[in-house]
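Heads up, the thing below is written out as structure tokens.
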Amino acid sequence: MGTSVQVTPLCGVYNENPLSYLVSVDGFNFLIDCGWNDHFDTSILQPLARVASTVDAVLLSHPDTLHLGALPYAVKHFGLRAPVFATGPVARLGLLSMYDHYLSRKQVSEFDLFTLDDVDDAFKSVTTLTYSQNHHLSGKGEGIVIAPHAAGHLLGGTVWKITKDGEDVIYAVDFNHRKERHLNGTSLESFVRPAVLITDASNALNNQPSRRQRDQEFLDAILRTLKVDGNVLLPVDTGGRVLELILILEQYWSQHHLSYPIFFLTYVSSSTIDYAKSFLEYMSDAIAKSFEHTRNNAFLLKHITLLVNKSDLEKVPEGPKVVLASMASLEAGFSHDIFVEWADDPKNLVLFTERGQFGTLARMLQSDPPPRYVKVTMSKRIPLVGEELAAYEEEQNRKKKEEALKATLVKEEESKANGSDDIKMDDPMVIDSGTSHLSLRAAGQANIAFKDILVDGFVPSSASVAPMFPHYDEPCDWDDFGEIINPDDYVIKDEDMGQGSISVDGDLNGKLDDGSASLMLDTTPSKVESWDLTVEVKCSRVYMDFEGRSDGRSIKSILSHVAPLKLVLVHGSAEATEHLKEYCMDHVCRDVYAPRLEESVDVTSDLCAYKVQLSEQLMSNVLFKKLGEYEIAWLDAQVEKTDSGMLSLLPLSRPAPPHKTVLVGDLKMADFKQFLASKGVQVEFAGGALRCGEFVTLRKVGDASQKGAAAAIQQIILEGPLSEEYYQIRDYLYLQFYAL
């Protein structure tokens, strides 16, 4: 029997809710993603609350609220204390995203679901891994290896690979196969025939234009608005897809020498860009090469101004401008207030670059037909004055007195519990209460006149035995050279050095924006005033898909290539999920699952895996051949049990039977075309085949889109008259494989 794998959706199936899934691998429970929506609706977290105590490890895939927004709340309220794993960008930008959400909410409401300290507590112990870095779990997870791989959606976005006993479980949601300005495409296509693939159906029904066409339409829409003296608002996330938009605008403004001002407005905008500058190794090859050769960092912005306060934007002179402001949902944050101010001007443009979350203002404005009027709630935090301030201060003083009284009672209880047994009687500062009382009585008998003076204010109480705050030194050992120390106390553990755990505190290691820091430190008593407002929407509204996800056609092609043994579909509308499920059952694999909320599906592999020992006699005669990072060889052996009961492979007792030559490798037609061209062969694609020279044709028959056992079998057919050209191209073809 193969590795036992069960998948239980906790949120995000048959709908567009946040993502959160429990994946059990041989009894070890992974919580993969821990998302929350922009409404911060606690009701959708109930399934997570029921299993949080059983979670052994948390894997985070992307740095936005849909994938990690509930982590601080779960740590605080659900007792989620399992180790958390993520790439560096996901951990850092995810932390900033939660800071931005908290500050945005706190300015317009009495937000109390979590605090900045809760965010710090949730992220301070995240273990960061780099792409393709294998991390071996210990203890209960002994034998399990996890590794992050590029997803191509957000900076640091991850396709998680979980390996146990040679079987792979792949978690790949929100991946993007396209190369973009700041990211390479996903590495999902490098996996072939995993035991289980968990992926989403979000974009299964959508098709996208080419990247060049999309970018040009985006820039044209902005420039048309600016040329008629209109303003452009782009509601964006904190540190995700906004990085791609920033590079598009920065490069275009630089190439065309435009002077229209551009502003990036979030509570953590400066910190976001600072971290983006430091994560170049996670970005596209073009950015990495540019920095390597010219030391030019793509995020050294010359045309985009970073702001952390709306008052700074209000100081900008009147005129056309572009503002990228959080939040993308328009539910809170700077984008909400700017939209209300700009909505009544038909010259202005609100440009949405992602689909709004269900039930949000952004989703309402993206509807067809769009509404002419929308009702919004405006809120403002104002300082307390007069009677309200006095009442607030009185209440605070009362709370402080109660806390001080509780602290005093606790100290007295601790002092009584410790008693006089813990006090060293040879300490010159310690007073023996019994001796003191005897001395006082003796003094009273000798001189009654001084009785009151001796007693009043100087007699220690029955619970106190020292005239100073109690301090007890821990005993330590000494030798001729001084105090004996333990060297282990001064050694940095290897795991601490190798894994790069994040350490965060209130000032985000000194990299938090000054404006945001002042908001956190502002303790001025205040209250929130709210009022409803009906806004007439006269401005233009346009939606363009910059979500950075593969579209339906690409998803189907990638899944056919990966050809998993078992497939689990999550996160997507009911229509999209059922559509992709039907397609995959016909073209990818027989075992396709689309579980409902809290429905556990058993996707244990049908393969029978055995651990065997390779004997020294067998290995001494094996000749290995190098295949990329691996070495391969053909083995003819017989299986026997050792004295310990372990299966062992031993040399055959008789000569090995002959076997057909096995060609190992995966031929990519495009790469082979370039190889032949480098050898001087005229080559071109024609009718799905590769025409080589004048008479020879090469084609592939059977691919990974076939389901069942034949999914990984491909035939390469070389057609043409037997000639020198034919044999030469055949030799070139053999060079693309390893023969065993």
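The values are calculated or read from the model by the stated rules, or taken from the named source; none is laboratory data. As the structure is a computational prediction, the values presented were derived from the model and not from experiment. Note: ideal-geometry Cβ built from the backbone for every residue, glycine included; neighbour counts use all protein chains shown. These accessible areas exclude ligands, DNA and RNA; they are computed on the full protein's heavy atoms, side chains included. Shrake-Rupley method; radii C 1.70, N 1.55, O 1.52, S 1.80 Å.
Annotations
- Summed over region 66-83, residues that are more than 11 Å from residue 119 (Cα to Cα), open to solvent by 10 Å² or more (accessible area, probe 1.4 Å) and touching a residue at least 24 places away in the same chain (Cβ under 8 Å) total 6.
- Failed criterion for residue 666 (all others in (1) surrounded by fewer than 14 Cβ atoms within 10 Å (Cβ to Cβ); (2) more than 30 Å from residue 689 (Cα to Cα) hold): (2)
- Single unsatisfied condition, residue 8 versus (1) crowded, with 24+ Cβ neighbours inside 10 Å; (2) of a type outside the set (Lys, Arg); (3) in a strand (DSSP E or B): (1)
- Strands (runs of 3 or more DSSP E) fully within region 87-204 counting 1 or more residues that are touching a residue at least 24 places away in the same chain (Cβ under 8 Å) and among the polar types (S, T, N, Q): 127-129, 158-164, 196-200
- Any pair with Cβ under 6 angstrom, 6 or more apart, that starts in region 713-740 at a residue that is more than 13 Å from residue 691 (Cα to Cα) and ends at one that is surrounded by fewer than 14 Cβ atoms within 10 Å (Cβ to Cβ) and charged (D, E, K, R): 738/625
- Condition check for residue 270: open to solvent by less than 10 Å² (accessible area, probe 1.4 Å) and of a type outside the set (A, V, I, L, M): no
- Looking across region 49-62, the residues that are under 16 Å from the mean Cα position of the chain (by Cα) and either part of a helix (DSSP H, G or I) or within 16 Å of residue 125 (Cα to Cα) (or both) come down to 57, 58, 59, 60.
- Positions within region 569-624 being of a type in the set (D, E, K, R), under 21 Å from residue 19 (Cβ atoms) and surrounded by 12 or more Cβ atoms within 10 Å (Cβ to Cβ), in sequence order: 575, 578, 581, 598, 599
- Residue within region 88-98 that is modelled with pLDDT under 95 and either surrounded by fewer than 20 Cβ atoms within 10 Å (Cβ to Cβ) or among the basic types (Lys, Arg) (or both) present: no
- Selection count where residues are in a loop (DSSP other than H, G, I, E, B) and either among the β-branched types (Val, Ile, Thr) or touching a helix residue (DSSP H, G or I) at 6+ places or on another chain (Cβ under 7 Å) (or both), scope region 303-346: 13
- Consider region 634-663 and keep the residues that are surrounded by 12 or more Cβ atoms within 10 Å (Cβ to Cβ) and under 24 Å from residue 731 (Cβ atoms). The one that is modelled with the highest pLDDT is 634.
- The number of residues in region 347-391 that are open to solvent by less than 20 Å² (accessible area, probe 1.4 Å) and either touching a Cys at 6+ places or on another chain (Cβ under 9 Å) or polar (S, T, N, Q) (or both) comes to 5.
- Residue, nearest to residue 335 (Cα to Cα), within region 279-308, restricted to residues that are polar (S, T, N, Q) and open to solvent by 60 Å² or more (accessible area, probe 1.4 Å): 305
- Every residue from region 11-36 that is on the phi < 0 side of the Ramachandran plot, in a loop (DSSP other than H, G, I, E, B) and surrounded by fewer than 22 Cβ atoms within 10 Å (Cβ to Cβ): 15, 16, 17
- Residues that are at positive phi and charged (D, E, K, R), drawn from region 145-187: 165, 174
- For residue 68: the one exception among (1) over 22 Å from residue 549 (Cα atoms); (2) modelled with pLDDT of 95 or more: (1)
- For region 161-185, the set of residues classified as under 20 Å from residue 584 (Cβ atoms), surrounded by 23 or more Cβ atoms within 10 Å (Cβ to Cβ) and under 16 Å from the mean Cα position of the chain (by Cα) consists of 171, 172, 173, 174, 175, 176, listed by residue number.
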